[in-house]
Amino acid sequence: MHRPKSQLQKIAETAVILAAAGLSWLLPMAFIRFILRRVGALAFRLLGRRRRITLENVRLALGDRLDEAKQIRIARESFSAFALSLPEIVKLRPLFMASDAGGRIRRAAPELAGVLDRARAIHDQARGCIFVTPHLGNWELLPFVCAALDIPLAVVIRPLDNPYLERLLNLSRQGTGQLFLPKRNTFLPLQQMLAQGKSIGLLPDQSTMKGLPAGFFGRPALTTPVPALLAIYQERPIVVVACCRTGHLRFCGYVSEPIWPGPHGSEKEEVLRLTAATNRAMEEIIRRHPEQYFWMHNRWKTYT
């Protein structure tokens, strides 16, 4: 059991984030990355519980392919990767808020735009789909990118335990023009939005008490059945996407083949099939950039 944060802790946490955002605007990205590598390494040393979870998760997922030294490097770098998301959003926000954002992205990063245009084509052909992304790279950029490419999106989010930070994050997200919904009691609204031709954005790679056991890096992991149920009820495909770093404010995109629901005699078996296929597609992308994955979450947690 974690003790809830006090009001003072929440205010201090918010002040630190605001200060970090201000510095991110002023400082060059190369210097920010240099600093955050060292901050991440320090956090890796000092945050004992998170370090243990991260190392154990990397070992469980990648230990059959990587030696211990590489596992430790990936675990340590994942701390810095998580911290990079805020300055990247601060730096790129003016680009995404521009009236010709889509054209600018295509000129600045034609390969990335080409991959993301494929996501737009799948959305158009399916009349809306279920986009899922793991906590990999900078997942907060994806709603901005979808808005720039004219993909109408409804994103399910987990509310933060700090209302001040929640307000700041909501202000940033609302600037995308996309719709953001809290996690609770959203299944029917999500079905309605798919029926209206919108796409859905979900991050389904964290453990949940109501999840189904589906393979993830070779081990059963409790996984939400929501993407699969939406796919079945609305006859829409699941598409795994990700936005990963390749350098200073440079990214590559990933868009999986559509995972369509098929004819089935048992809804439960089809939900399990779709969920397992989604996990495999996420796993494939994570293996390409393991140092950018959020290994700090206890992914194989059980509830007994």
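The values are calculated or read from the model by the stated rules, or taken from the named source; none is laboratory data. Here the structure is a predicted model, which is why all the values come from computation and not from measurement. A quick note on method: Cβ atoms are made from the backbone with ideal geometry, for glycine too, and the neighbour counts reach across all protein chains shown. SASA here: full protein model, heavy atoms, side chains in, ligands and nucleic acids out. Shrake-Rupley method; radii C 1.70, N 1.55, O 1.52, S 1.80 Å.
Do the conditions hold for ALA121, that is, is it over 23 Å from MET282 (Cβ atoms), without any contact (Cβ under 8 Å) to a residue 12 or more places away in the chain and either open to solvent by 30 Å² or more (accessible area, probe 1.4 Å) or touching a helix residue (DSSP H, G or I) at 6+ places or on another chain (Cβ under 9 Å) (or both)? No. Considering the range 248-286, and only residues there that are touching a strand residue (DSSP E or B) at 6+ places or on another chain (Cβ under 7 Å) and of a type in the set (S, T, N, Q), the residue that is surrounded by the fewest Cβ atoms within 10 Å (Cβ to Cβ) turns out to be ASN279.
For the range 85-113, a tally of residues being open to solvent by less than 40 Å² (accessible area, probe 1.4 Å) and either assigned to a helix (DSSP H, G or I) or free of Cβ contacts under 8 Å to residues at least 60 places away in the same chain (or both) returns 14.
Helices (runs of 4 or more DSSP H) fully within the range 142-253 that include at least 2 residues being over 30 Å from PHE31 (Cα atoms): 187-195, 226-234.
Taking the criterion of being open to solvent by 20 Å² or more (accessible area, probe 1.4 Å), in contact (Cβ under 8 Å) with a residue 40 or more places away in the chain and within 20 Å of the chain's Cα centre (by Cα), the residues of the range 191-211 that qualify are LYS198, LEU203, GLN206, MET209. Selection within the range 26-42: residues that are over 23 Å from the mean Cα position of the chain (by Cα) and closer than 19 Å to ALA81 by Cα. The member of this set that is most open to solvent (accessible area, probe 1.4 Å) is ARG38.
Cβ separations smaller than 9 Å between residues 6+ apart or across chains give the following pairs from the range 64-84 residues that are under 8 Å from GLY40 (Cα atoms) to residues that are among the charged types (D, E, K, R) and open to solvent by 90 Å² or more (accessible area, probe 1.4 Å): ARG76/ARG45; GLU77/ARG37; SER80/ARG37; SER80/ARG38.
Look at the range 21-45: where a residue is closer than 17 Å to GLU77 by Cα and polar (S, T, N, Q), no partner that is in a helix (DSSP H, G or I) and open to solvent by 90 Å² or more (accessible area, probe 1.4 Å) sits 6+ places away or on another chain with Cβ atoms under 8 Å.
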